[in-house]
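The values are calculated or read from the model by the stated rules, or taken from the named source; none is laboratory data. As the structure is a prediction and not an experimental result, all values here were calculated from the model. Heavy atoms of the whole protein, side chains included, go into the accessibility calculation; ligands, DNA and RNA do not. Shrake-Rupley method; radii C 1.70, N 1.55, O 1.52, S 1.80 Å.
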Amino acid sequence: MFVPLHDTNPLEHVVRPYVTWALIGVNLFVFLALQHGGFGEVSEAGVLAYGTIPAVVTGAAVLPEGYERLPAELTLLTYMFLHAGWLHLIGNMAFLWVFGDNVEDALGHARFLAFYLLCGIVAGAVHVFAQPGSEAPLIGASGAVAGVIAAYLVLHPHVRLWALVFMKLPLRVPAFWVIGLWIALQVYQVVVAADEETAWWAHIGGFVAGALLVVIMRRPGVALFDRDPSGVPTPRGMREGER
(Lines give C-alpha, C1' and ligand atoms only; values in the text may rest on other atoms or scores of the structure.)
Protein backbone atom coordinates (compact mmCIF):
# COMPACT_ATOMS: atom_id res chain seq x y z
CA MET A 1 0.00 0.00 0.00
CA PHE A 2 2.82 2.44 0.82
CA VAL A 3 6.56 2.63 1.39
CA PRO A 4 8.08 5.21 3.79
CA LEU A 5 10.80 7.31 2.17
CA HIS A 6 12.00 9.91 4.66
CA ASP A 7 11.01 11.61 7.91
CA THR A 8 11.86 15.01 9.41
CA ASN A 9 12.85 13.81 12.85
CA PRO A 10 16.35 14.74 14.10
CA LEU A 11 18.34 12.55 16.49
CA GLU A 12 18.77 13.91 20.00
CA HIS A 13 20.79 11.34 21.96
CA VAL A 14 22.99 9.40 19.55
CA VAL A 15 25.34 10.67 16.87
CA ARG A 16 24.63 7.88 14.38
CA PRO A 17 22.14 4.96 14.41
CA TYR A 18 24.87 2.32 14.24
CA VAL A 19 22.67 -0.61 15.28
CA THR A 20 20.03 0.22 12.66
CA TRP A 21 22.72 0.37 9.99
CA ALA A 22 24.27 -2.89 11.25
CA LEU A 23 20.91 -4.71 11.19
CA ILE A 24 20.32 -3.61 7.61
CA GLY A 25 23.84 -4.76 6.71
CA VAL A 26 23.39 -8.17 8.36
CA ASN A 27 20.06 -8.73 6.60
CA LEU A 28 21.64 -7.88 3.26
CA PHE A 29 24.66 -10.10 3.92
CA VAL A 30 22.54 -13.10 4.93
CA PHE A 31 20.30 -12.64 1.90
CA LEU A 32 23.26 -12.61 -0.47
CA ALA A 33 24.95 -15.51 1.32
CA LEU A 34 21.92 -17.78 0.94
CA GLN A 35 21.37 -17.19 -2.77
CA HIS A 36 20.90 -20.37 -4.77
CA GLY A 37 19.61 -21.26 -8.20
CA GLY A 38 19.68 -17.72 -9.52
CA PHE A 39 20.19 -14.20 -8.23
CA GLY A 40 17.28 -13.17 -6.01
CA GLU A 41 16.15 -16.70 -5.14
CA VAL A 42 16.73 -17.80 -1.57
CA SER A 43 18.19 -21.24 -0.84
CA GLU A 44 15.62 -23.84 0.23
CA ALA A 45 18.20 -25.47 2.49
CA GLY A 46 18.82 -22.14 4.20
CA VAL A 47 15.12 -21.54 4.74
CA LEU A 48 14.59 -25.01 6.22
CA ALA A 49 17.69 -24.72 8.40
CA TYR A 50 17.10 -21.23 9.80
CA GLY A 51 13.42 -20.46 9.24
CA THR A 52 10.78 -21.01 11.92
CA ILE A 53 8.53 -23.96 11.05
CA PRO A 54 5.64 -23.97 13.56
CA ALA A 55 4.99 -27.72 13.32
CA VAL A 56 8.66 -28.44 14.05
CA VAL A 57 8.72 -25.99 16.97
CA THR A 58 5.63 -27.59 18.52
CA GLY A 59 6.83 -31.11 17.78
CA ALA A 60 3.93 -31.91 15.46
CA ALA A 61 6.32 -32.69 12.58
CA VAL A 62 9.99 -33.29 11.82
CA LEU A 63 12.10 -32.47 8.81
CA PRO A 64 13.01 -35.28 6.38
CA GLU A 65 16.41 -36.86 6.86
CA GLY A 66 19.28 -35.09 5.15
CA TYR A 67 18.36 -31.56 6.19
CA GLU A 68 20.64 -29.92 8.72
CA ARG A 69 18.75 -27.67 11.09
CA LEU A 70 19.28 -25.54 14.15
CA PRO A 71 17.38 -26.43 17.34
CA ALA A 72 13.79 -25.32 16.77
CA GLU A 73 13.86 -22.72 19.54
CA LEU A 74 16.87 -20.94 18.02
CA THR A 75 15.06 -20.46 14.73
CA LEU A 76 12.84 -17.92 16.51
CA LEU A 77 15.95 -15.74 16.38
CA THR A 78 17.45 -16.67 13.01
CA TYR A 79 14.26 -16.54 10.91
CA MET A 80 14.10 -12.74 11.06
CA PHE A 81 17.34 -12.40 9.06
CA LEU A 82 16.06 -14.40 6.07
CA HIS A 83 14.09 -13.00 3.12
CA ALA A 84 12.41 -14.69 0.18
CA GLY A 85 13.42 -12.14 -2.46
CA TRP A 86 14.61 -8.63 -3.19
CA LEU A 87 11.16 -7.03 -2.79
CA HIS A 88 10.69 -8.75 0.56
CA LEU A 89 14.08 -7.53 1.75
CA ILE A 90 13.83 -3.98 0.40
CA GLY A 91 10.35 -3.49 1.82
CA ASN A 92 11.37 -4.45 5.34
CA MET A 93 14.64 -2.54 5.21
CA ALA A 94 12.88 0.62 3.98
CA PHE A 95 10.71 0.66 7.10
CA LEU A 96 13.73 -0.06 9.31
CA TRP A 97 15.75 2.69 7.62
CA VAL A 98 13.08 5.37 8.13
CA PHE A 99 11.82 4.42 11.60
CA GLY A 100 14.72 2.59 13.22
CA ASP A 101 17.08 5.52 13.79
CA ASN A 102 14.67 7.48 15.99
CA VAL A 103 13.68 4.41 18.00
CA GLU A 104 17.38 3.64 18.50
CA ASP A 105 17.85 7.26 19.56
CA ALA A 106 15.11 6.91 22.18
CA LEU A 107 16.38 3.59 23.57
CA GLY A 108 20.15 3.69 23.10
CA HIS A 109 22.23 1.32 21.00
CA ALA A 110 22.30 -1.78 23.23
CA ARG A 111 18.67 -1.57 24.32
CA PHE A 112 17.54 -1.00 20.75
CA LEU A 113 19.29 -4.21 19.64
CA ALA A 114 17.64 -6.12 22.49
CA PHE A 115 14.30 -4.47 21.65
CA TYR A 116 14.53 -5.43 17.96
CA LEU A 117 15.40 -9.06 18.70
CA LEU A 118 12.71 -9.38 21.37
CA CYS A 119 10.06 -8.03 18.99
CA GLY A 120 11.13 -10.55 16.36
CA ILE A 121 11.08 -13.43 18.85
CA VAL A 122 7.63 -12.49 20.14
CA ALA A 123 6.37 -12.15 16.54
CA GLY A 124 7.64 -15.63 15.69
CA ALA A 125 6.16 -17.12 18.86
CA VAL A 126 2.74 -15.56 18.14
CA HIS A 127 2.86 -17.00 14.61
CA VAL A 128 3.64 -20.46 16.02
CA PHE A 129 0.79 -20.16 18.53
CA ALA A 130 -1.64 -19.05 15.79
CA GLN A 131 -0.65 -21.83 13.36
CA PRO A 132 0.89 -24.63 15.45
CA GLY A 133 0.47 -27.27 12.76
CA SER A 134 1.83 -25.28 9.83
CA GLU A 135 4.80 -26.75 7.99
CA ALA A 136 5.46 -23.56 6.00
CA PRO A 137 8.67 -21.82 7.13
CA LEU A 138 8.34 -18.34 8.58
CA ILE A 139 11.08 -15.98 7.35
CA GLY A 140 11.59 -12.23 7.21
CA ALA A 141 12.20 -9.23 9.45
CA SER A 142 8.55 -8.11 9.25
CA GLY A 143 7.72 -9.02 12.85
CA ALA A 144 10.75 -7.24 14.29
CA VAL A 145 10.19 -4.25 12.01
CA ALA A 146 6.54 -4.15 13.11
CA GLY A 147 7.83 -3.63 16.64
CA VAL A 148 9.96 -0.72 15.43
CA ILE A 149 6.94 0.77 13.65
CA ALA A 150 4.87 0.50 16.85
CA ALA A 151 7.62 2.16 18.90
CA TYR A 152 7.83 5.03 16.44
CA LEU A 153 4.06 5.52 16.64
CA VAL A 154 4.19 5.63 20.44
CA LEU A 155 7.12 8.06 20.40
CA HIS A 156 6.50 10.30 17.39
CA PRO A 157 2.94 10.00 16.03
CA HIS A 158 2.82 13.57 14.70
CA VAL A 159 6.13 13.63 12.82
CA ARG A 160 5.57 14.23 9.13
CA LEU A 161 7.17 11.84 6.72
CA TRP A 162 7.31 11.26 3.00
CA ALA A 163 5.69 8.04 1.84
CA LEU A 164 5.16 6.52 -1.58
CA VAL A 165 1.48 5.60 -1.75
CA PHE A 166 0.49 2.74 -4.06
CA MET A 167 4.12 2.83 -5.27
CA LYS A 168 3.32 5.92 -7.37
CA LEU A 169 2.19 8.95 -5.38
CA PRO A 170 4.64 10.68 -2.95
CA LEU A 171 2.85 12.36 -0.05
CA ARG A 172 4.02 14.10 3.13
CA VAL A 173 1.71 13.06 5.95
CA PRO A 174 1.81 12.59 9.75
CA ALA A 175 3.26 9.26 10.85
CA PHE A 176 0.03 8.20 12.53
CA TRP A 177 -1.76 8.29 9.15
CA VAL A 178 0.79 6.05 7.48
CA ILE A 179 1.13 3.66 10.40
CA GLY A 180 -2.64 3.68 10.95
CA LEU A 181 -3.16 2.46 7.40
CA TRP A 182 -0.53 -0.22 7.98
CA ILE A 183 -2.36 -1.40 11.13
CA ALA A 184 -5.69 -1.44 9.30
CA LEU A 185 -4.18 -3.63 6.59
CA GLN A 186 -2.90 -6.15 9.13
CA VAL A 187 -6.26 -6.40 10.89
CA TYR A 188 -8.13 -6.68 7.59
CA GLN A 189 -5.91 -9.51 6.42
CA VAL A 190 -6.34 -11.45 9.65
CA VAL A 191 -10.11 -10.94 10.03
CA VAL A 192 -11.38 -10.76 6.44
CA ALA A 193 -8.89 -11.76 3.76
CA ALA A 194 -7.27 -14.74 5.51
CA ASP A 195 -4.21 -14.58 3.24
CA GLU A 196 -2.11 -17.51 4.49
CA GLU A 197 0.94 -16.68 2.37
CA THR A 198 1.88 -13.81 4.70
CA ALA A 199 2.41 -14.17 8.46
CA TRP A 200 -0.05 -11.48 9.52
CA TRP A 201 -0.20 -12.72 13.10
CA ALA A 202 3.57 -12.31 13.34
CA HIS A 203 3.17 -8.67 12.27
CA ILE A 204 0.53 -8.08 14.93
CA GLY A 205 2.55 -9.87 17.60
CA GLY A 206 5.64 -7.82 16.82
CA PHE A 207 3.62 -4.60 16.79
CA VAL A 208 2.05 -5.20 20.20
CA ALA A 209 5.44 -6.20 21.64
CA GLY A 210 7.04 -3.03 20.28
CA ALA A 211 4.31 -0.76 21.64
CA LEU A 212 4.73 -2.23 25.13
CA LEU A 213 8.50 -2.63 25.20
CA VAL A 214 9.30 0.92 24.10
CA VAL A 215 7.49 2.29 27.16
CA ILE A 216 9.65 0.15 29.44
CA MET A 217 12.97 0.38 27.59
CA ARG A 218 13.13 4.05 26.54
CA ARG A 219 15.70 6.37 28.05
CA PRO A 220 14.65 8.26 31.20
CA GLY A 221 12.98 11.49 30.21
CA VAL A 222 12.08 10.46 26.66
CA ALA A 223 8.52 11.64 26.04
CA LEU A 224 5.73 9.57 24.56
CA PHE A 225 3.37 10.85 21.85
CA ASP A 226 5.47 13.97 21.30
CA ARG A 227 4.83 16.77 18.81
CA ASP A 228 6.33 17.05 15.35
CA PRO A 229 9.82 18.52 15.87
CA SER A 230 9.71 19.95 12.35
CA GLY A 231 6.78 22.09 13.42
CA VAL A 232 8.27 23.38 16.68
CA PRO A 233 10.08 26.69 16.22
CA THR A 234 13.63 26.98 17.53
CA PRO A 235 13.78 29.52 20.40
CA ARG A 236 15.72 32.69 19.63
CA GLY A 237 19.39 32.36 20.42
CA MET A 238 19.37 28.56 20.39
CA ARG A 239 21.20 26.71 17.65
CA GLU A 240 19.42 23.94 15.74
CA GLY A 241 21.60 21.23 17.23
CA GLU A 242 20.80 22.35 20.80
CA ARG A 243 17.07 21.62 20.79
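Of all the accessible heavy-atom surface of the range 71-176, with the other protein chains kept in place and a 1.4 Å probe, what percent is carbon and sulfur? Please report the intermediate quantities before stating the final value.
On the way: 3140 of 4100 Å².
Reported share for carbon and sulfur atoms: 76 percent.
Check which residues have an amide H placed less than 5 Å from LEU161's amide H, if you skip close sequence neighbours.
For LEU161, the qualifying residues are VAL173, ALA175.
Contact order normalised by length for the range 116-166, with contacts defined as Cα pairs under 8 Å and 6 or more residues apart; what percent is it? All intermediate terms of the calculation are to be shown ahead of the outcome.
Working: 22 pairs, mean separation 24.6, N = 51.
Rounded, it is 48 percent for the range 116-166.
Would you mind calculating the gained length between GLU73 and VAL15 on full extension (0.36 nm times residue separation, minus the Cα-Cα distance), in nm to one decimal?
Working: separation 58, 0.36 × 58 = 20.88 nm, distance 3.54 nm.
Difference between extended and current length: 17.3 nm.
Mind checking the per residue accessible area of the range 4-100 for me, 1.4 Å probe, whole number of Å²?
Numbers: 5080 Å² over 97 residues.
Heavy-atom accessible area per residue stands at 52 Å².
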